[in-house]
Structures are given as structure tokens and as C-alpha cells.
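Notes follow the structure.
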Amino acid sequence: MRKAMLLLAVFALVGSLWAADPSVGTWKLNVAKSKSAQSTQAAVKEETMVVREVGDEFEITQTGTRTDGSAISVKLTHPQKGGVTKSQSAPPEGQMSVVTVMGPGNRYLTTLQNGKQLSVLHIEASKDGKTLIHTTKGTNAQGKPTDQLLVWDKQ
């Protein structure tokens, strides 16, 4: 009986390790619940984000439209265990982003400019897996503090 219980416990643990990260899926920005920092860009009218597991990386694709009609198009990848992000477009000279994984559906993305921290984005999935919260704190191009809260609803 003990062996059967131990075997069941091992399978349960392994199964939980294989479970998909709760941030994986298609998300729609809830503009009404989100609070954006002042920016030189127009506010977001609508935006969709798709997070996929591709091999040992997460692939994040964001598409949408700003209130002035301009398009939003972002695609990046980062290792599932954390590390440097790779973007479809080259970041500004001297800029890089690093992901630190705290657990499934909970990670930080730190953006650096020439080794100096610009911002920290905390990404956290709700316990029920229906909401993804992005909280960003940092400085803008003029060196002034900025805050942003983005609320994403699972589709």
C-alpha cells in the first residue's frame, strides 16, 4: 500500500510539472480596467496577446490598434526558465530585457539601458487562470517615474 501511495504521489508531482503555464493562451486587453502611463504614443484602442510554448521558450505576439489608428505589432521570445528576451525588431542601442521566472504564471521582465534599469514588468496570472495582470514601474525617456497596469482577459 505504501508503494502504491508513493507511486501515486510521484505521478502527481510529475503531472504538475508538465502542466501548462497559466499564462499560455490568447488574451484580450481589458482597456476599461487598465491604466496606462502617459506616453508619446496614442492610447490603445484594442489589443490581443497570444502566449505559446515553443520548445523550451515562450513566444509572445501582441497585435492591436491605437486610438490614432496606428498598428501595434510586437513579437518576442524568452526561455521558459528565464533569461534574455529576443525581439522581432532590434531594441534601441544598448537596451536589453531579462526575464526572471518566479513560478508558473509569475515572472518579472527587467529592461536595462546600458546596464541601468529602466523598468520592471511583473506578469502574474490569476489563480483561476482567467486574468493576466501586467504591472510596470520605471522611468520614461525624460527620466520621470511611470506606472502602468494592464489587465488581460483570457479568451
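Observations, loosely collected:
- Meets criteria (surrounded by 15 or more Cβ atoms within 10 Å (Cβ to Cβ), touching an Asp or Glu at 6+ places or on another chain (Cβ under 7 Å), free of Cβ contacts under 8 Å to residues at least 24 places away in the same chain and within 25 Å of D21 (Cα to Cα)) for P79: yes
- Some residue of the stretch 46-53 being over 22 Å from T131 (Cα atoms) and either modelled with pLDDT under 80 or acidic (D, E) (or both): no
- Looking across the stretch 98-155, the residues that are touching a residue at least 40 places away in the same chain (Cβ under 8 Å), surrounded by fewer than 16 Cβ atoms within 10 Å (Cβ to Cβ) and not in a loop (DSSP other than H, G, I, E, B) come down to D147, L149, D153.
- Complete set of residues in the stretch 57-91 that are closer than 13 Å to V24 by Cα and either acidic (D, E) or not in a strand (DSSP E or B) (or both): E57, E59, Q80
- Condition check for W27: at pLDDT 90 or above and of a type outside the set (S, T, N, Q): yes
- When K116 is tested against (1) more than 19 Å from D21 (Cα to Cα); (2) modelled with pLDDT of 95 or more; (3) among the charged types (D, E, K, R), just one condition goes unmet, and that condition is (2).
- Residues in the stretch 28-65 that are in contact (Cβ under 8 Å) with a residue 40 or more places away in the chain and in contact with a Lys or Arg (Cβ under 6 Å, 6 or more places away or on another chain): T48 alone.
- Every condition in (1) in contact with a Ser or Thr (Cβ under 6 Å, 6 or more places away or on another chain); (2) among the hydrophobic types (A, V, I, L, M, F, W, C); (3) closer than 21 Å to T146 by Cα is met by A125 except one, and the failing one is (3).
The values are calculated or read from the model by the stated rules, or taken from the named source; none is laboratory data. The shown structure was predicted, so the numbers you read here are calculated from the model rather than taken from an experiment. Cβ sites come from the backbone with ideal geometry, for glycine too, and all protein chains shown count toward neighbours.
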